[in-house]
Structures are given as C-alpha cells and as structure tokens.
Amino acid sequence: MIILENNKLLRFVFPKIAAELTRLSNAEVERLTPGFLAENRASAFVSLQHNNEDFLDLTENYKQKAQEVLCSLTPDMVAKAIKKTFGRNAHFQLNGEGQVVTTVSFQRTLRIPDDGTAYPLPPSLGEFPLVHIDDYAKTVPPAWNKRGGVMMPIYQAEALWLRFDGHYPCALKVGTGKINAVSGKAWSSSIHQDPQDYLVLPQQPWLDGYCVSEGYIRQFVAMPLGRGYTAEEQITGEAEHGGLQLQVYPIKAAVYFEKSGRTWFPRRLVEILPALLPEPETSGVKHIRRYMMAGGAGDMRERSFVSTDMGLGAGGKMRQEIYKDERALEDYDHELTSRCFVHLCNSETWRSVTEARPPQRLISAQLYAQHGLPWFDYYRDDLSSIDGSKELAAIKTVTDLYENNEADILPGNQTVEPNAIIAEGLQRRPQKVKEWTDDVAESE
C-alpha cells in the first residue's frame, strides 16, 4: 500500500508485516513479564540512578513517588513498559495501529558542475511537491493514467536526490525511464544480487544519481524526453517511459524478528524503568542536517520547454557509496512488494494540468558556494560498497551531449569550491595522505 502524505512524502506501508510482528512481539512480552516482576525493584532503581544521567539529580519527592510506583507494579504495567521500551528501540509500535513504513521524498538541490571534479553531497533546498495522478485524470496524458502513481514539477536541467526514512529493513529499487539506476539494466519486477540492483535500507539514507563506479555517482538531472539526453534513451535507444520508478521489498516478518527484532527487547527491569516512571526534563541539541537546509529564491529565468514528458540524464560526479547487501535474497518478502511510478512534469505541463505555479527556481551552485554554505559527506566504514555499473558509466552526461546551439540548456556549469563540508554517518571519511614517491634513497 502506498500513501501520499502532505503532498510531499511517499509512504510504502506494509500492514501484514506489522500484524505479524505484533503477534510475535506480544508472545515475547508474555514470556518476559514474569521475570521482570520477580527482580529486586529497589536495586533496579539504584542502578537506574547510577547509569542514567537524566536520573542523577532527583528530588526526594520524586524518589518517593518512584518507590510508590515500583511497589504497585502489576503484570499489565510491566507488559506495557516492555512494549513501550521495545517500540522505542525497534522504531515501530506494537499495537493494532502500528505500521511498518518506508518513506521516500524527492529533494530539490543544487546541480553540481560537470567539470571532472568529484563533489561532496549538495544540500536539500526543500521537497518537490507531489500530486495524485488520479486527481487530474482528465488533464494528464492518457499513458499517465494507465501507469498511475504521482507527478511532480521539475525544471529542465534541475537536479534532485531521493531521501529514504524508515528503520525496517527493505530492498528498494530505483529506476529512471525503467532503467535501473544502480545496475544500468532494464527494469524488472524482481531483485538480484549479481550484480546487486537495489538499495539496502535503512543503511542507505539517500541516492543522488546513477551508480557509475565504486564510491561515485552521476547526479540525476532532469531533461526533456526525446532529445537523447536521458539514460533511458542512451541505453535503449528509445524515449518511451521517462519519470522515476520505485519498488520496495520488505524483509519477512519472521526473519526480521529472529535476526533482529528479538534483540531489541529489554532484558532487565532497569531497562524499562524509564517507561514506568515520570521522565525528568531533558534538553536536546539541534544539529545541521542535510535535509534541513532552507530553500532559496531563484536567480535563473524560466525557459519554455518542448517535450511534455521529462526523464533523467547524468550530471556531475559526486562521492556517494551504494552499500552492499549482506542479507540473503530469500529473506525478503517478494509477495508483499509495492511499487510506484513518479511522473516528471516541466513547468508548462504542471501549469496546464494543475493550474498551479511550479516552485520557484533555485539558486546556482556558484552562488551557494560564494556564501560559504555547507555541503555534506556520508561515510560508513562498517559497510562495503558495490561496484558501479558499466552500462551507466558508459552513458554520456548532459554536458557531453548538448550541442553548441543549445549552450543555454545547462547554465551555471562553472567549477565551484565547497568551503564547509559537514560529515554524517558513523565515521568521518579518512583524509588520505599522498605517499612519498621520491626514488632517491636517503643517505645513511
């Protein structure tokens, strides 16, 4: 099941997975409850104070109330606390309304220069708006009604990246014009590992473009379909589909529970005390994140577009790993897979179909860099990355393809110097030191 939320987010929801996880989890809670009730409650409270900084400076009044709660524990109270603690750890709820969700959003961003330099990740400058195809069935092209899904506005030569949210393990296939953006192969309704043709969630937080070599991608850049710029046209020789295609395959509930879910359960009474007792006030620290950057006003004029359908071509080079899947293919539930077609509209089509203005154009990468605004780098030394696709590495970039009389099709392609790079992920990317290559030996 796919839900469009707030005209910005695509939520892939799997109720059957959630229902089975709830059944397995409830059985585990029932098994654990007697052991928690049998533990020494006073010792558990002392351990909580020693090991949790939020409970270091408690008032005598609070301690008295806590003792009253501990003395009146019931099986139902303990079971609810186990569920609440597990829900926080495992990132999904244990009730009839619980959901297993993978969310995909489409982020507006800077188009990086295609100048031979490998750039860090540009920021999000806001989300693209999305609308249901069914809501505009009378005004969209007939082929769009047949495919269904959603549509979004995007300018010629505008870039985008995909952000993924959700903690439940899934495989996600991404296609552009029904060409796989990871493997470069033709779209299929199944997943493969030789070569891997999907992304591993939640380890992969986002995708900015085509996987062309290990550790590098070519940025997604929107171009008119039918003029030879898109990956689809270069690989298949035809301009037939355009748009973006997404398909999600969740891990089987039983597999997840046995391999991961069971480990999220608390094992001692002290672990569920924060769920039983009033929580002391805490203060949070706000950090700059890639997806929290504010949008900016455009400095480039609109242009008229010839083609109705839009596709994605290859832009500048960027550092980004596509992580290798360590799971077995049979761990995924191939029967519950869900897929969606995302149509790309130029500004004229968007106005014609929706009678609404498309979002304002963004600032250029050059202006962004001049103001010293941050770029990003995501690095996971604990995960290995896959090799790039030979098919995708062979396609020409939009810069390579445009003709001299179309020089204005790709403005703002001058080299920029990113000033501030914010590291995300579990580790900071190591800065390699150039080795000494002097072949003259030092005298002893």
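The values are calculated or read from the model by the stated rules, or taken from the named source; none is laboratory data. Please read all numbers here as calculations on a predicted model, not as lab measurements. As a convention, Cβ positions derive from the backbone with ideal geometry for all residues, glycine included, and neighbour counts pool all protein chains shown.
Values computed for the structure shown
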{"item": "Hits in the range 179-214 - residues which are touching a Ser or Thr at 6+ places or on another chain (Cβ under 7 Å) and surrounded by fewer than 16 Cβ atoms within 10 Å (Cβ to Cβ)", "result": "214"}
{"item": "Single residue of the range 178-230 satisfying the filter (assigned to a loop (DSSP other than H, G, I, E, B) and β-branched (Val, Ile, Thr)) that is farthest from the chain's Cα centre (by Cα)", "result": "230"}
{"item": "Unique match (being under 30 Å from residue 152 (Cβ atoms) and either modelled with pLDDT under 85 or assigned by TED's automatic domain parsing to the domain that holds residue 367 (or both)) among 55, 92, 86", "result": "92"}
{"item": "Complete set of residues in the range 145-154 that are in a loop (DSSP other than H, G, I, E, B) and under 22 Å from the mean Cα position of the chain (by Cα)", "result": "149, 154"}
{"item": "Any hit, the range 33-40, residues being under 16 Å from residue 257 (Cβ atoms) and not in a helix (DSSP H, G or I)", "result": "no"}
{"item": "Restricting the range 345-378 to residues that are touching a Leu at 6+ places or on another chain (Cβ under 7 Å) and part of a strand (DSSP E or B), the residue that is surrounded by the fewest Cβ atoms within 10 Å (Cβ to Cβ)", "result": "377"}
{"item": "Inter-residue pairs, beta-carbon under 6 Å, first more than 30 Å from residue 361 (Cα to Cα) and in the range 332-349, second part of a loop (DSSP other than H, G, I, E, B), 6+ apart", "result": "333/252; 336/14"}
{"item": "Of the criteria (1) surrounded by fewer than 21 Cβ atoms within 10 Å (Cβ to Cβ); (2) at pLDDT 90 or above; (3) in contact with a Gly (Cβ under 6 Å, 6 or more places away or on another chain), which one residue 113 fails", "result": "(1)"}
{"item": "In the range 307-341, the residues that are assigned to a strand (DSSP E or B) and within 26 Å of residue 400 (Cβ to Cβ)", "result": "309, 310, 311, 312, 313, 314, 315, 316, 317, 318, 319"}
{"item": "Matching residues in the range 116-143 - criterion: being outside any strand (DSSP E or B) and either touching a Leu at 6+ places or on another chain (Cβ under 9 Å) or crowded, with 23+ Cβ neighbours inside 10 Å (or both)", "result": "122, 123, 124, 125, 126, 128, 130"}
{"item": "Check on residue 424, surrounded by 14 or more Cβ atoms within 10 Å (Cβ to Cβ), among the acidic types (Asp, Glu) and modelled with pLDDT of 90 or more", "result": "no"}
{"item": "Residue in the range 390-408 that is of a type in the set (Asp, Glu), modelled with pLDDT of 90 or more, in the same structural domain as residue 178 (by TED's automatic domain parsing) and out of contact with any Pro (no Cβ under 8 Å at 6 or more places or on another chain) present", "result": "yes"}
{"item": "The range 98-110: number of residues that are modelled with pLDDT of 90 or more and under 15 Å from the mean Cα position of the chain (by Cα)", "result": "8"}
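For every residue, the table says whether it meets (1) surrounded by fewer than 20 Cβ atoms within 10 Å (Cβ to Cβ); (2) modelled with pLDDT of 90 or more.
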{"residue": "243", "(1), (2)": "no, yes"}
{"residue": "247", "(1), (2)": "no, yes"}
{"residue": "255", "(1), (2)": "yes, yes"}
{"residue": "260", "(1), (2)": "yes, no"}
